[in-house]
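One structure is given here, and the rest of the page talks about it.
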Amino acid sequence: LNGTLWLNDGSSYWGGWRGDVMHGKGIMWHPNGDAYYGAWANSQRHGSGNLNYADGSEYSGDFEKGKRSGTGILVSPDGSHITSGIWKDDELLSGYKGEWDGRTYSGRGLMTLSDGTSYDGLWISGLRSFFGIERFRDGLKYVGAWRRDKPEGMGYLTYGDEKGNNIVIPASEAASYT
């Protein structure tokens with residue numbers, strides 16, 4: 001059963017209902033210009049959907065209890081930046097945030113993996129390139145040059161020993177640690 005609802009805050013909803021709650025597929029327009037089309041459960045965004053923001057950015061992905069949760073991608077208004085990966089309660093848990101060329105990571109970006117490893121630096125055609133910092137969950141950190149997704153050239157690996165001293169290893173030896 002489809003129907004329309006106008007809310008006191010100026011929002012309007014058109015879509016599926018189960019009893020007196022929004023349920024199934026529907027669209028909601030907000031007075032600030034945001035619009036959501038997708039799945040609803042118990043009057044909340046829940047399931048797969050698209051949230052178009054008034055500034056022109058768009059999130060496509062999963063929602064749970066009204067918040068971005070699950071797999072999704074947020075694209076900037078001009079399409080030059082993306083935030084994609086695994087979300088929970090509107091926060092990105094693991095994934096990529098940065099520039100892209102419409103097909104893949106390209107430019108400055110941060111990739112965070114679910115194990116806590118992260119890379120913050122430059123990307124070309126989806127590969128770590130030129131300069132970046134990779135941090136590992138165990139405290140290791142590589143700072144330096146990258147080529148075709150691998151450390152190469154000038155750089156160093158650091159880690160703390162059991163006394164809290166910072167140990168620095170030149171890049172030529174660092175490849176065996178990463």
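Contact map, the stretch 57-69: residues that are on the phi > 0 side of the Ramachandran plot paired with residues that are modelled with pLDDT of 95 or more and open to solvent by 10 Å² or more (accessible area, probe 1.4 Å), Cβ distance under 6 Å, separation 6+ or inter-chain. Pairs shown: K65/Q44; G66/Q44; G66/R45. When the stretch 41-53 is filtered for residues that are open to solvent by less than 20 Å² (accessible area, probe 1.4 Å) and either farther than 24 Å from D20 by Cα or touching a residue at least 24 places away in the same chain (Cβ under 8 Å) (or both), nothing remains.
Does Y53 count as in contact with a Phe, Trp or Tyr (Cβ under 8 Å, 6 or more places away or on another chain), aromatic (F, W, Y) and modelled with pLDDT under 95? Quick ask: steps written out before the conclusion?
Working: in contact with a Phe, Trp or Tyr (Cβ under 8 Å, 6 or more places away or on another chain): yes; aromatic (F, W, Y): yes; modelled with pLDDT under 95: no.
Answer is no for this residue.
Out of L122, L110, which single residue is under 15 Å from the mean Cα position of the chain (by Cα), open to solvent by 60 Å² or more (accessible area, probe 1.4 Å) and more than 30 Å from V21 (Cα to Cα)?
Numbers: L122 fails: under 15 Å from the mean Cα position of the chain (by Cα).
Checking each option against the conditions leaves just L110.
Tell me which residues, restricted to the stretch 60-77, are within 16 Å of Y96 (Cα to Cα) and buried (at least 20 other Cβ atoms within 10 Å of the Cβ).
G61, R68, S69, G72, L74
Quick one: which of R103, R128, R108, R135 is free of Cβ contacts under 8 Å to residues at least 12 places away in the same chain and under 24 Å from I73 (Cα atoms)? Can you show your working first?
Numbers: R128 fails: free of Cβ contacts under 8 Å to residues at least 12 places away in the same chain; R108 fails: free of Cβ contacts under 8 Å to residues at least 12 places away in the same chain; R135 fails: free of Cβ contacts under 8 Å to residues at least 12 places away in the same chain.
Only one candidate qualifies: R103.
Among residues of the stretch 12-27 that are assigned to a strand (DSSP E or B), those with a Cβ under 8 angstrom from a residue that is of a type in the set (D, E, K, R), sequence gap 6+ or separate chain, pair up as G15/K25; G16/K25; G24/R18.
Looking at G38, G56, G33, G26, which one is touching a Lys or Arg at 6+ places or on another chain (Cβ under 9 Å) and either open to solvent by less than 20 Å² (accessible area, probe 1.4 Å) or not basic (K, R) (or both)? The match here is G38.
The values are calculated or read from the model by the stated rules, or taken from the named source; none is laboratory data. Bear in mind that the values here come from a model prediction, so they are computed numbers and not experimental data. A quick note on method: Cβ atoms are made from the backbone with ideal geometry, for glycine too, and the neighbour counts reach across all protein chains shown. All accessible areas refer to the heavy atoms of the entire protein, side chains included, with ligands and DNA or RNA removed. Shrake-Rupley method; radii C 1.70, N 1.55, O 1.52, S 1.80 Å.
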